Amino acid sequence: ALLNKHGCVACHGMEAKLVGPGFREIARKYAGRADGAAYLAGKIKSGGTGVWGAIPMPAQTLSDAEARVIAAWLAAGAPK
């Protein structure tokens, strides 16, 4: 629900890249990283460029708590 609420699905597919990488691609890249959830929450909030290519992800205006929920879901492998 948070992915839809904040428009994440406009740029990210579940499996495949749309504008940005698919959620499961992100989950695989950061699997096993001890600070994965914290790192991803920071990237969601601040945005960035260069990690997945030249197209930037803008900073997102969701709350810190919502960013942590999405990041924890990604760190857990983006389960259905």
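The values are calculated or read from the model by the stated rules, or taken from the named source; none is laboratory data. Just so it is clear, the structure is predicted and the values come from calculations on it, not from any experiment. Counting neighbours? That spans all protein chains shown, and the Cβs are built from the backbone with ideal geometry, glycine included. Ligands, DNA and RNA are stripped out before the accessible areas are found, and what is left, the full protein with its side chains, is counted by its heavy atoms. Shrake-Rupley method; radii C 1.70, N 1.55, O 1.52, S 1.80 Å.
What to note about this one:
- Scan of region 40-50 for residues that are surrounded by 16 or more Cβ atoms within 10 Å (Cβ to Cβ) and among the β-branched types (Val, Ile, Thr), ordered by number: Ile44
- For region 17-34, taking the residues that are open to solvent by less than 90 Å² (accessible area, probe 1.4 Å) and not small (Gly, Ala, Ser), the one that is farthest from Ala78 (Cα to Cα) is identified as Val19.
- Hits in region 3-16 - residues which are loosely packed, with under 14 Cβ neighbours inside 10 Å and either more than 15 Å from Pro56 (Cβ to Cβ) or acidic (Asp, Glu) (or both): Asn4, Lys5, Gly7, Val9, Met14, Glu15, Ala16
- Of the set (1) at pLDDT below 95; (2) surrounded by 12 or more Cβ atoms within 10 Å (Cβ to Cβ); (3) under 18 Å from Gly13 (Cβ atoms), all apply to Gly53 but (2).
- Yes/no for Gly77 being surrounded by fewer than 16 Cβ atoms within 10 Å (Cβ to Cβ), part of a loop (DSSP other than H, G, I, E, B), at pLDDT below 95 and more than 10 Å from the chain's Cα centre (by Cα): no
- The listed residue being farther than 18 Å from Gly7 by Cβ, under 11 Å from the mean Cα position of the chain (by Cα) and either aliphatic (A, V, I, L, M) or buried (at least 16 other Cβ atoms within 10 Å of the Cβ) (or both), out of Ala37, Ala71, Ala67: Ala37
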